[in-house]
C-alpha cells in the first residue's frame with residue numbers, strides 16, 4: 001500500500017513539473033512594471049492617442065533603465081527607438097484618461113517582459129542590476145581648510161534629504177551630532193581608514209552605512225567614501241574642483257553626483273552578467289506534494305533564475321538543476337527572501353524551508 005502511494009505521488013509530481021516546464025515557457029513570469037507614467041498634450045487637428053502612448057512608452061523605458069542600469073551604461077541605450085521599446089512591452093493599461101479644455105491627459109501602467117529586456121541588454125553586452133531598497137546610516141564629515149564643520153554648518157548634511165534622485169534605492173538615515181564622535185574623527189583625520197566606523201553607526205540600529213569624509217582645500221574637494229551594504233564593504237576616492245564652499249549651485253551638483261555614485265555602488269553589488277549564466281545542482285527536502293508547488297512558484301518569481309529542471313525525484317527529496325545569472329551569494333539571498341535557506345554541504349547544495 002505504501003509503495004502504491006509512493007508511485008502515485010511520484011506520478012503526480014512528474015505530471016506537475018511537466019506542466020510547470022510548459023507553463024514557465026508560456027507565461028511571462030518576469031515582468032517589470034512601471035506605474036503612473038503621465039502624459040498630456042493639446043488636442044488639435046492631427047491629434048492621435050497613439051502619439052501620446054509612444055511618449056509614455058519612451059518615458060517608461062527611460063525610468064526602467066535608470067532603475068536597473070549603472071549610470072555609466074545609460075548612454076549605451078539612450079538612442080533606443082520607440083519601435084524597439086514596444087517589442088519589449090508585454091502589455092499596458094490606461095489607468096486614467098480625460099479630455100479637458102482641449103487638453104488630453106492620461107496615466108498609463110506599462111508591463112515589460114523581463115526576458116526580452118535581458119535579451120536586449122545581453123546583445124549590447126550590458127549587465128543589469130536588481131537591487132532591493134535598503135536603509136543605511138549616512139555619516140557626512142566635512143573639513144574646510146582643516147577645520148571640521150558642525151552638522152548645522154555642513155551643506156551635505158543639511159541638504160542630503162531634500163535632493164532626490166529618480167528611482168532612489170537607499171533610505172539614508174542621518175546621524176545626530178555627538179561631540180565625542182566629532183572629537184574622535186578630528187583626531188583620526190589623517191588616518192581615517194583606521195577609524196572604527198561601527199562605533200559611530202551602531203547606535204542607530206542599522207548595519208548598513210555610508211561614511212563620507214570630505215576635505216576642502218585650495219579649490220579642491222576630496223571625498224573619501226566607505227560603505228557597508230549587507231556586510232560587503234567598499235571604499236572609493238573622488239575629487240571635485242570647486243573655487244569656494246559658498247557656491248550652492250556647484251555644491252548641489254556635487255551632492256547629486258555623490259549620491260548617484262553611492263547608489264551605483266549598491267547596484268554594482270547586485271549586477272547580473274547576462275553573458276555568463278551559471279548552473280547549480282541542489283537537493284530539496286519536501287514533506288508533501290504542496291511543497292513542490294510552492295518551490296516552483298518561488299523559482300518562477302526569482303528574476304535571476306533563468307530556467308530549471310527536475311532531474312530526480314523520490315518520496316522525500318527532489319533534485320533540481322538551476323540555471324541562473326549572478327553568483328551563489330546572490331541566489332542564496334534571493335531564496336532567503338522567500339523563506340528558503342540554500343546551504344553548501346561539502347560541495348553538495350541543499351535547499352531547506354525555514355521553519
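For this structure, a couple of remarks:
- Estimated inter-spin distance, residue 337 and residue 246, nm [label 7 Å along Cα→Cβ]: 4.8
- The equivalent ellipsoid of the range 56-150 has semi-axes of 35, 23, 13 Å, largest first, where each one is the square root of 5 times an eigenvalue of the Cα gyration tensor.
- As a proxy for reagent exposure, 266, 349 were ordered by neighbouring Cβ count within 10 angstrom, fewest first; the result is 349, 266.
- Per-selection Rg to Rh, the chain - Cα, Kirkwood hydrodynamic radius: 1.06
- Length released on extending from residue 152 to residue 124, taking residue separation times 0.36 nm less the Cα-Cα span: 5.5 nm
- Kirkwood estimate for the range 208-355, i.e. one over the average of 1/r between Cα atoms, Å: 18.6
- Computed from the C-beta positions of residue 93 and residue 239 and an R0 of 51 Å, the FRET efficiency is 0.65 to the nearest 0.05.
- Of 80, 33, 227, the one that fluctuates the most in a GNM where the chain has Cα springs shorter than 10 Å: 80
- Residues of the range 105-135 with an amide N closer than 12 Å to a point placed 7 Å from the Cα of residue 35 along the Cα-to-Cβ direction: 109-110.
- The label point for residue 288 and the one for residue 329, both projected 7 Å from the Cα toward the Cβ, are 3.8 nm apart.
- Note on the chain: GNM, Cα springs under 10 Å; of 162, 129, 106, the largest mean-square fluctuation is that of 162.
- Sorted ascending by nearby beta carbons within 10 Å, beginning with the fewest, 103, 77 become 103, 77.
- Helix 2-26 and the longest principal axis of the Cα set of the chain meet at an angle near 50°.
- Rough spin-label spacing in nm, given labels placed 7 Å along Cα→Cβ, for residue 220 and residue 80: 3.9
- Using every pair of separate Cα atoms, the Kirkwood estimate puts the hydrodynamic radius of the range 276-353 at 12.5 angstrom.
- Taking all Cα pairs closer than 8 Å and separated by 6 or more residues, the relative contact order of the range 31-129 comes to 42 percent.
- Here the relative contact order of the chain, from alpha carbon pairs under 8 Å that lie six or more residues apart, stands at 15 percent.
- Sequence of 45, 223 once ranked by neighbouring C-beta atoms within 10 Å, starting from the fewest: 45, 223
Values quoted throughout were computed directly from the atomic coordinates according to the rules given, and no laboratory measurement underlies them. The shown structure was predicted, so the numbers you read here are calculated from the model rather than taken from an experiment. Reconstructed Cβ throughout: ideal geometry from the backbone, glycine too, with neighbour counts over all protein chains shown.
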